[in-house]
Structures are given as C-alpha cells and as structure tokens.
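Report on the following structure.
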Amino acid sequence: MTTWIGVISFLVILCCSWLPGSLATYNVGVGRADCTGPTAEITFMGYAKLTQKGCGLHLRQFARAFIFDDGTSRVVFVSIDACMVGYSLKNAVVKKLKTLYNDTYTHENFILSGTHTHGAPGGFLVDVLYDITELGFCADTFNAYTTGIFNAIKKAHESLVESHVYITSGEVHANINRSPASYDQNPEEERNKYKYNTDKTLRQLKIVRASDNELIGAINWYAVHAVSMNNSNCLVTSDNVGYASILLESEYNTNSVIGQGDFVGAFASSNLGDVSPNLNGPVCVNTGEACDYVTSTCGGENKYCIASGPGKDMFESAEIIATRLFSKSKELLSNETAQELSGPIKFIHQWVEVPKQAVDIQLENGTIQTVKGCLPAMGYSFAAGTTDGPGEFDFKQGSSTDNPFWNIVRDFVFPPTTEDINCHYPKPILIASGRIKVPYNWQPEIVSTQILLLGNFALVGVPGEFTTMSGRRMRDAVKNVIVDSGGDSSTEVVIAGLSNTYTSYIATYEEYQLQRYEGASTIFGPHTLQIYLSIYKTLAEALIKGQKVDAGPVPDDPDKSKLLSLITPVIFDSSGWFWNFGDVLQQPPKSVKVNDTVSVKFIAGHPRNDLMLEKTFLAVEKLGDDGKWNVVATDANFETRFIWTRTSFIKAGSEVEVQWQVRNGAESGTYRIKHYGHYKSLLGGIYPYQGTSHNFTVTSS
Ligand SMILES: *[C@@H]1O[C@H](CO)[C@@H](O)[C@H](O)[C@H]1NC(C)=O
Ligand SMILES: *[C@@H]1O[C@H](CO)[C@@H](O)[C@H](O)[C@H]1NC(C)=O
Ligand SMILES: *[C@@H]1O[C@H](CO)[C@@H](O)[C@H](O)[C@H]1NC(C)=O
Ligand SMILES: *[C@@H]1O[C@H](CO)[C@@H](O)[C@H](O)[C@H]1NC(C)=O
Ligand SMILES: *[C@@H]1O[C@H](CO)[C@@H](O)[C@H](O)[C@H]1NC(C)=O
Ligand SMILES: *[C@@H]1O[C@H](CO)[C@@H](O)[C@H](O)[C@H]1NC(C)=O
C-alpha cells in the first residue's frame, strides 16, 4: 500500500514538474497608470489643513498594479500614490472591473493600498470627517483615482506572463519614530527584541519573466510617512516614496519618459503609523530648543514643534529619502541570491464591524478578560496633529470658522455618551464620530480585513495606519498561526498599510494610554489592535487550512450624486482682452547652464478643465540633429514644476509658470518649453490650447 502511494506521488511530482507554470513559476502581470487628481484649488489630504490647496504639480500620481496567478487562483495588489484609500473608491474600481472581467477581480482577492503621500488632492473618502477639509466630496479626485487604478489593473491583466517571483530584503536608514514617548510605553522585554524603534527593513518582491530572465517589476514595502513635503507645499506630489518609484522605473525603462515603459516598480506603505522621514527630528522652530518629549510642544504650544530634514529644504529631503530607498531597491534587484517564492496562491477576506467585536484576551496575571470595540471617536490630541505637521483643524465648536463645510457639519455634532466615554477611556473624546449619521457616516465602522498568500509570502492588508509595534505584533501573530496551522515555516509576512478601508490609526494598548496623536486617532478604542490580532489570526488559520469564513456585513456605499460638496466648479476662463491662451508672458533667457532654473510664464486656462491623465501640462523639448523636437522632461519629472496662479478672480484669469532646473547630465543644445492646457468658454465648452516659448540654448560645461 505505502509503496504504491509512494510511486504514485513520485509520478505526480515528476509529471507536474514538467508542466509549464507549475510549482516555481506564476503568471504575473504588471501595469502602471496615471491617476493624478485635480492640481489646482482642491485641498490636499493628510495634514487636515484647509488652506493647503493645490497650486500646480511637482510629481504626477500613479497607480501600480501587480497580478499573480498560479493557474487556479489569482490575486491583485495595487499601490496608489494617494494619502489612503476608502471602501467607496475600491468599490467603484471593482464595479468597473466587473464590466470587463466578470468576477475575476473582487474585494476578496484585491488589495488596494495607499502610499500615504500628504501632497495630493482629497475629497474622495466619502466619510464626512475625512472629507471636511476638502469642503466635502470631490468627484474630480474620486474619478481620477478610480480611472487610474482601473487602467493599471487592465494593463497588468493584459501583460500576464510566466514569471519567477523572488523575495529579498535589506536595511534602509530613512525613518525615525515621531512618537518615541508612546513607543516607550510598550513592555521593555518586547522592545528589547528589536534594535530600533522603527522597522528599517525594506522588503521586496522581484518579478522576472521566465522566458528571458528580464526584470519586469518590483514591489518594495517600507514603513515611512510620505511627509518629506510639509504642509506649506501646494504642488501635487507623490513625495519621497513616489519619487523612489520614479527613480527605479527610470533606471529600468531607459529612453522612456516618466510614466511610460514596461518595468513597474512600487514603493508601498507598511506599518508607518508612528514613523517619520524627517530625520533631523522635531525642534522648536521659534527658539531652536528641543520640544517637550511627551507632548511635542514648545512652551505649551504645539504649532512651533516641527520636524524636518535631512535636506536643506523639503524638496531636497524628499529626494534624499527617495534616493536611499531607490538605491537599496536597485541593489537588491541586482543581487542573484534572493529566495524564490513557491507554493499555491490563496486569499481570504472578511468584512468586520469593529465596534460590535468582543474578544477574550489573557492578562499578565492569567485572568481572561473580554474586551470590546468602541464606536468611532477621535480624541483631543487628534486636533493637535503631529510634529510632521501640527494641526490647524478648526474644531472649536459654537464659533464660526473659515470652513463653510465645517460650519454646516458642526451643527450635527453630538456629545459622546457615557458608554463612549468609558469605552474609549483614557481618551478624552473630541468628536463622537460614531454617533453622527447625518448627513451620512463620519467614519467607517465596517472594515475590510484580508490576507493574500503567494506560497511562502503573506501580505496582510490592514485598514489604516498601524504603528511600528502594532505591525510587529501583527506580523508575529500571523506568522505563528500560519506555521501552527501547517503552513510553510519559512513564510515571510508583510503588512500592506492603508489598505481597502481607512480608519486612521491603530496603536498598541500601551501606546494608547499616553494619548498622543496616534493613540487619539485609534478610533475603535484601546483594544483595537487586540481585536484585529484575533481577526487576522482566524483568517490566517482558515487560509492555510482551506476553510471558508463568513463574508461579514457589506458596508454602505452612498450614491455619489447625493454627497455634500461645497467645492466650486470652474465657471469660465478669460485670457484678457489682448491675449490668447498659451501666450507667453515671460520668455526664457537666451542661454542657460547646469544648475540654472528656467522659468517661463503663460496665459492659461484652469488646470481643472482637464486633468491631463496620461498626458502632461508641460514639456521641455530639445532640438534633435534631424530637426525634430524631442521631449526630454514632462510635468512628472522631479526637475520640473508646474505652478498655477489665479491672476484676477473677476476676470477668471489664470497664469502658469513652468520651471525647469537644468541638472547635471543635461546635454548642450537648443531647447524650448511648451505648455498644454484647456480653457472653458463663457458658453461652457472646453477647448485645448498650447503655448511655446522661444528657443534657448543649454551649455553644459
Ligand atoms: C460571471 O461569473 C459568474 C460567477 O462566477 C458566472 O456564473 C457567470 O456565468 C459569469 N458570466 C459570464 C458572462 O462569464
Ligand atoms: C516647510 O519646509 C520649508 C523648506 O522647504 C520651510 O521653509 C518651511 O518653514 C516648512 N514649513 C513647515 C510648516 O514646516
Ligand atoms: C546578496 O545578498 C546576499 C544575501 O542577502 C548577501 O549576503 C550578499 O552580500 C549580497 N551580494 C551583493 C553583491 O550585494
Ligand atoms: C488580574 O489583573 C486584573 C487587571 O489588573 C485585575 O482586575 C484582576 O483582579 C487580577 N486577577 C487576579 C486573579 O489577580
Ligand atoms: C551643480 O550643483 C551641484 C550641487 O550643488 C554641484 O555639485 C555641481 O558641481 C554643480 N554643477 C555645476 C556645473 O555648477
Ligand atoms: C527655434 O528653432 C527652430 C528649429 O531650428 C526654428 O525653426 C525656429 O524658427 C526657432 N524659433 C525661434 C523663435 O527662434
């Protein structure tokens, strides 16, 4: 009997190892698409600063999609250059995908993760609290993100090819902990297990086409806030991690403009809750002294305690962080010793109504205690913001504010109940967001919980910003359950941050006690992490054992046309009596050299008339030997800036400035600057126009 089983198994292994696509390879597709939102006048998402509105573009936003298929099962991971993502956005993408691919891509096998850039337009989350500073729902942002994510997945779908996938990692010093006082609340014995108070490991999946060993894609996960660009920036940007992607893609897509080329390289978010890229740390900008360690204040005021660095300004800081991430990623990609993933592809997903959860936890003295989730609520420290961007969230109730949207919603604010106060203790509640259902939900209560498995690699999609230690506990818990359930003992677990649903922060129980920003923004109360650990452990076990879990309650997705929005549309554009759109107001100098910045100004239409997805608002062109003009840089390049200003509100006039910094390596020759835009006529039609500067020469010497 045993002999026969042995022989049959041997034959099965022999046969299947000959089949293409079995065991060691997967079918993998990669795709990238432009998803840049409106670049003018819409408030950025992240710093909660009403006055931080778009005034142009520094780095375009992209969605990057990766599909993995083992012949029976398929998963998709998308990283998008956006602050975070929400259920409505993902649902819009899933519905759009269904029209082309039926049930191939669903909420269950698709993780959508935001990079957490704070330099991109908001108004797309639908939940009232998260859209307040944007003056409500912004359809332009929502539609640009939906289109970009959909297009990226479509490209990945169309590029599926047999590939090897490798996992590797390396250490990068590009982050610091911005709430060390909270981190220090965690048990000493736990902290002693780690060298640093942030995770410095960059984990990478490297994708190589099987037929010719060509590198086709890479996903890098690293825990860092995308806040090198501070809250005074008004140019749309994908910030440090977005620029790292651009550097990596430029490295492998030689001779392509940014956003083009087959190689796709993402830098996705992870457990970045308490992690800052501002390596010089916080300092009192008014006195130069150190901030108070526990409260991050200067003489009692939080607005002066600001972190920055390592560059001399925010652009250079973003570039330094990006370059460190890119360099390590490139080094790992060129190393042949990475471990190849093998084993089946699986996925598991469950909707969970967190405030209704109760889990048993074991206290240090052995007693079992049942802990519960709370209805969402934000604590006082939430309004204080962080050292990466002190808060200006105008939450003084009863007084009139300069945010008309907040003035409307203020009237819906309800006081917390005794139950809320006890549940969230010791959090002093500023907004009992879970009690308010008018005009619609203020914060989600049903979240998406999910794990994707690629053989011995597990990707844990979490609905918010896990702090360093929360992420470590989650990775350990999932890994232990995978191994205990009979899974591969070499499994690597990675946290995919800000995935699918956004519910602010997830601090540990111990960190929560101090009620700094991250604890104050842990919306389901002190036991949020313990509840998630219990849920993801159940998911991991079911995943390995091939069991099904209950789908859970599906969240509401309100009709977009019924959402509140006080964002004013573009009425019309005027070029002024004697001018035409595209006319040059300021010409470049006749000749420039390396390190000069060329500035050209044009009469313009409003950039919101057409978002120019997969196009560009500007081009730097060089005259070729054949007499043709070649594009050497677009608005997606780091060395260009597209800056919009309103010249006269009454006259509906706009002006744009194109800046191009001539960098080392620029070739000598004849150049010119172009601007592309659209204007809206008084009668309502939208028409394209373009402008071209005089020729100028670049001398590199
Ligand atoms: C779509 O998928 C469903 C369930 O997976 C299946 O029953 C149906 O036949 C599919 N429809 C098409 C048009 O393929
Ligand atoms: C943002 O960074 C710039 C340098 O690029 C600095 O001048 C400014 O003070 C910073 N602003 C804030 C609010 O941190
Ligand atoms: C490649 O990676 C291995 C394992 O991490 C490491 O030991 C080795 O030094 C790396 N080689 C290069 C050339 O970086
Ligand atoms: C265990 O600790 C909890 C919380 O500190 C306390 O409420 C409980 O009484 C303790 N139980 C025992 C048996 O000491
Ligand atoms: C341009 O600036 C960089 C950095 O400041 C410097 O290293 C380089 O020498 C400069 N190049 C020229 C040609 O001036
Ligand atoms: C710019 O260069 C092109 C190509 O040499 C030439 O046709 C054109 O007349 C030049 N324009 C100006 C304004 O000098």
If the requirement is being among the basic types (Lys, Arg) and touching a Ser or Thr at 6+ places or on another chain (Cβ under 6 Å), which of these qualifies: Lys537, Lys593, Lys601?
Lys593
Which ones in the stretch 481-502 are more than 20 Å from Gln350 (Cα to Cα) and part of a helix (DSSP H, G or I)?
Val483, Asp484
Residue list for the stretch 345-389, filter: assigned to a strand (DSSP E or B), over 23 Å from the mean Cα position of the chain (by Cα) and either under 30 Å from Ser296 (Cα atoms) or within 16 Å of ligand 2 (Cβ to nearest atom) (or both)
Gly379
So which of Val592, Val554 ends up being over 25 Å from Arg646 (Cβ atoms), open to solvent by 50 Å² or more (accessible area, probe 1.4 Å) and of a type in the set (Val, Ile, Thr)?
Val554
Is it the case, given these coordinates, that Val662 is surrounded by 14 or more Cβ atoms within 10 Å (Cβ to Cβ) and closer than 13 Å to Asp583 by Cα?
no
Expected single match for closer than 14 Å to Phe638 by Cα and outside the structural domain of Val656 (by TED's automatic domain parsing) among Val257, Val285, Val294 is Val257
Among the numbered criteria (1) crowded, with 21+ Cβ neighbours inside 10 Å; (2) among the β-branched types (Val, Ile, Thr); (3) closer than 28 Å to Asp360 by Cβ, which one does Val600 miss?
(3)
Considering only residues that are touching a residue at least 60 places away in the same chain (Cβ under 8 Å) and crowded, with 24+ Cβ neighbours inside 10 Å, look in the stretch 90-114 and name the one that is farthest from Ser342 (Cα to Cα).
Val93
Taking into account only those residues within the stretch 212-245 that are part of a loop (DSSP other than H, G, I, E, B) and among the hydroxyl-bearing types (Ser, Thr, Tyr), which is most open to solvent (accessible area, probe 1.4 Å)?
Ser232
Just for the stretch 288-308: of the residues that are among the charged types (D, E, K, R) and modelled with pLDDT of 90 or more, which one is nearest to ligand 5 (Cβ to nearest atom)?
Glu289
Within the stretch 176-198, residues open to solvent by less than 20 Å² (accessible area, probe 1.4 Å) and in contact with a helix residue (DSSP H, G or I) (Cβ under 8 Å, 6 or more places away or on another chain) come out as Asn177, Ser179, Ser182, Tyr183, Asn186, Thr198
Odd one out for Lys330 among (1) modelled with pLDDT of 95 or more; (2) open to solvent by 20 Å² or more (accessible area, probe 1.4 Å); (3) away from ligand 3 (no atom under 16 Å from the Cβ)
(3)
Pick out the one residue from Gln350, Gln357 that is touching an Asp or Glu at 6+ places or on another chain (Cβ under 9 Å), open to solvent by less than 60 Å² (accessible area, probe 1.4 Å), at pLDDT 95 or above and not β-branched (Val, Ile, Thr).
Gln350
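The values are calculated or read from the model by the stated rules, or taken from the named source; none is laboratory data. This structure is a prediction, so every number in the text was calculated from the model and none was measured. Every residue, glycine as well, gets a Cβ built from its backbone with ideal geometry; the counts of neighbours run over all protein chains shown. For the accessible areas, the whole protein counts, side chains as well, though only heavy atoms, and no ligand, DNA or RNA atoms are used. Shrake-Rupley method; radii C 1.70, N 1.55, O 1.52, S 1.80 Å.
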